[in-house]
Amino acid sequence: MFSKFREDFASLRRKRNGKPPVYLDNGCMTLKPRQVIESINEYFERYPACSGYGRSNHWFSHEVKEATEKAREKVAGFINSLPEEIVWTKNTTEGINHVANAFPFKKGDIVITSDREHNSNLVPWIKLSRVKGIVHKTVPSTQEGIFDLEAFEDILSPDVKLVSMVHVSNLDGYTLPVEEIIKIAHDYNARVLLDGAQSVPHRKVDIKNLEVDFLAFSVHKMLGPSIGVLYGNYDELKALDTFIVGGDTVSDTSYTKAVFLPPPRKFEAGLQDYAGQIGAGAAVDYLSRVKMERVEAHERRLTELLIEKLSAFPEVKIAGVKNTELAKGIISFRIEDNNRLLVAPSDIAELLDRHYNIMLRAGDLCLHSWFNHIGIGASGVARASFYIYNTREEIEILVEGIEKIIEAEKNGKSITHG
């Protein structure tokens, strides 16, 4: 269905040993279409200057200001928010840290997360527990790996000030029941922050329908450059303290005082990544033409196909939730025999790359806490993650590669050693 879009991705036309790449590391970073690259090049070629917010007041600076403001409007429209609710960040991690460090926590305040958080939505709360005395609690999943709404409500109290949850897991593409989570949290007057790194690039996310307070996501996971976005409800942004401060965050200073600008500019300190912002706008344009409902449906079909194919191999153990009604776009797996690791996930990824040009991610996926909890440890999993340019034929190539690795191990001719 999406094969026509592959022509926009020059990286897919490269070959090694006569074979094109099979890029299945989209959970980390997606490839870039020519339209995004051209928009970035246009900035560097035509008007590579500072934005015209008062001090630079010339032809180029006005073009930068116009282009970046338009990009902010595009990103806002993509998630159905207002432009003044969009804060540019480096990535999802920085967006989460913005909220963690600017939220008005007091000692004893409680932050709740799920038990399957990426380190970006875990380590900030561990740190604040130490330096600010907040209390961090996790919601245990059910035996099936599903978020437990009853367990969540059981630990809610008036002392819970923030609920910070992953929207879609980077382990298995499982979507948490965020609508219910947000409603229940708001009933207790707690604010909600969502890690949208794996949701915004893969489905339609409507801020007005979700009624979430904060949402962080990364544009490099949605065809764009390495830049991030923090959405915040405008009233919530006004109430937040500042985090990184300096030039461009203030309207006036004395030697003892600073007058901060209103959101979003009070959060955007220093020279900004203007090319990245413009590229973000181009990425949103591209995905808007594709339509996010089609992206989600395409990824679901690829997920169903890979699960079906892998089920033929008893040695392949798929991690996490395997119900495509609940989880899609990501498959993490191990190759085992009677709970004994046959091939290390890192070796799986290296072998598939060497022999089939298949690009996976492998290891702990920044989910050390979850892997340690279930007893897997640092070896982790091999992970395939999909996007609009991936095809059924690429799934077949991946399955063929996995089958060859299993056969070699079972026959004592370990492909690991060539």
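Look at (1) part of a helix (DSSP H, G or I); (2) more than 19 Å from the chain's Cα centre (by Cα) and you find that SER288 fails only one, number (2). The set of residues in segment 40-77 that are under 23 Å from LEU210 (Cα atoms) and open to solvent by 20 Å² or more (accessible area, probe 1.4 Å) comprises ARG72, GLU73, LYS74, GLY77. Listed by first and then second residue, the pairs linking a residue in segment 202-228 that is acidic (Asp, Glu) and modelled with pLDDT of 95 or more to a residue that is open to solvent by 30 Å² or more (accessible area, probe 1.4 Å) and not in a loop (DSSP other than H, G, I, E, B), with Cβ atoms under 7 Å apart and 6 or more places separating them unless they lie on different chains, are ASP213/ARG191; ASP213/GLU236. Scanning segment 249-273 for residues that are open to solvent by 40 Å² or more (accessible area, probe 1.4 Å), more than 25 Å from the chain's Cα centre (by Cα) and of a type outside the set (Val, Ile, Thr) yields a count of 8.
To keep it simple, each residue is scored yes or no on (1) of a type in the set (A, V, I, L, M, F, W, C); (2) part of a strand (DSSP E or B).
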position: ASN101; (1), (2): no, no
position: ILE112; (1), (2): yes, yes
position: ARG116; (1), (2): no, no
position: LEU128; (1), (2): yes, no
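As a summary of the residue check, ASP285 satisfies the conditions (1) closer than 16 Å to LEU82 by Cβ; (2) touching a residue at least 24 places away in the same chain (Cβ under 8 Å) except for the one numbered (1). When the residues of segment 383-418 are narrowed to those that are modelled with pLDDT under 95 and part of a loop (DSSP other than H, G, I, E, B), which ends up surrounded by the most Cβ atoms within 10 Å (Cβ to Cβ)? Filtering first and then ranking leaves SER414.
Each residue in segment 10-36 was checked for being crowded, with 20+ Cβ neighbours inside 10 Å and either of a type in the set (A, V, I, L, M, F, W, C) or free of Cβ contacts under 8 Å to residues at least 40 places away in the same chain (or both), and 3 of them qualify.
Can we say ILE182 is surrounded by 15 or more Cβ atoms within 10 Å (Cβ to Cβ) and either at pLDDT 95 or above or of a type in the set (A, V, I, L, M) (or both)? When the stated conditions are applied, ILE182 passes them. Considering segment 309-336, and only residues there that are without any contact (Cβ under 8 Å) to a residue 40 or more places away in the chain and open to solvent by less than 30 Å² (accessible area, probe 1.4 Å), the residue that is farthest from LEU398 (Cα to Cα) turns out to be THR324. Among the residues of segment 319-343, those that are under 15 Å from GLU403 (Cα atoms) and within 25 Å of the chain's Cα centre (by Cα) comprise PHE333, ARG334.
Annotation: LYS137 fulfils all but one of (1) closer than 30 Å to THR68 by Cβ; (2) part of a strand (DSSP E or B); (3) free of Cβ contacts under 8 Å to residues at least 60 places away in the same chain; the unmet one is (1). Looking across segment 46-99, the residues that are in contact (Cβ under 8 Å) with a residue 40 or more places away in the chain and of a type in the set (Lys, Arg) come down to LYS70, ARG72, LYS74, LYS90. Annotation: of all residues in segment 339-371 being free of Cβ contacts under 8 Å to residues at least 24 places away in the same chain and within 20 Å of LYS19 (Cα to Cα), the one that is least open to solvent (accessible area, probe 1.4 Å) is ASP353.
Looking at segment 324-357 only, could you name the residues that are under 19 Å from PHE313 (Cβ atoms), out of contact with any helix residue (DSSP H, G or I) (no Cβ under 8 Å at 6 or more places or on another chain), not in a loop (DSSP other than H, G, I, E, B) and not aliphatic (A, V, I, L, M)? Once the filter is applied, which keeps residues that are under 19 Å from PHE313 (Cβ atoms), out of contact with any helix residue (DSSP H, G or I) (no Cβ under 8 Å at 6 or more places or on another chain), not in a loop (DSSP other than H, G, I, E, B) and not aliphatic (A, V, I, L, M), segment 324-357 yields SER332, GLU336, ASP337, ARG340. Residue-level check: of (1) open to solvent by less than 30 Å² (accessible area, probe 1.4 Å); (2) touching a residue at least 24 places away in the same chain (Cβ under 8 Å), HIS118 misses just (1). One residue is enough: does segment 157-164 have a residue meeting the conditions modelled with pLDDT of 95 or more, out of contact with any His (no Cβ under 7 Å at 6 or more places or on another chain), acidic (Asp, Glu) and under 17 Å from VAL139 (Cβ atoms)? Yes, segment 157-164 contains at least one residue that is modelled with pLDDT of 95 or more, out of contact with any His (no Cβ under 7 Å at 6 or more places or on another chain), acidic (Asp, Glu) and under 17 Å from VAL139 (Cβ atoms). The number of residues in segment 188-231 that are over 30 Å from ASN41 (Cβ atoms) and hydroxyl-bearing (Ser, Thr, Tyr) comes to 1. With the requirement that a residue be within 11 Å of GLY279 (Cα to Cα) and open to solvent by 10 Å² or more (accessible area, probe 1.4 Å), what does segment 206-226 give you? Scanning segment 206-226 gives HIS220, PRO225, SER226. Test VAL245 against the criterion of being in a strand (DSSP E or B) and either crowded, with 24+ Cβ neighbours inside 10 Å or aliphatic (A, V, I, L, M) (or both), and give yes or no. When the stated conditions are applied, VAL245 does not pass them. Scanning segment 93-115 for residues that are buried (at least 17 other Cβ atoms within 10 Å of the Cβ) and closer than 18 Å to ARG191 by Cα yields a total of 16.
The values are calculated or read from the model by the stated rules, or taken from the named source; none is laboratory data. On a predicted model such as this, the values are computed, not experimentally measured, just so you know. Methodologically, a virtual Cβ is constructed for each residue, glycine included, from the backbone with ideal geometry; neighbour enumeration extends over all protein chains shown. Only protein heavy atoms, including side chains, enter the accessible area calculation; ligands, DNA and RNA are left aside. Shrake-Rupley method; radii C 1.70, N 1.55, O 1.52, S 1.80 Å.
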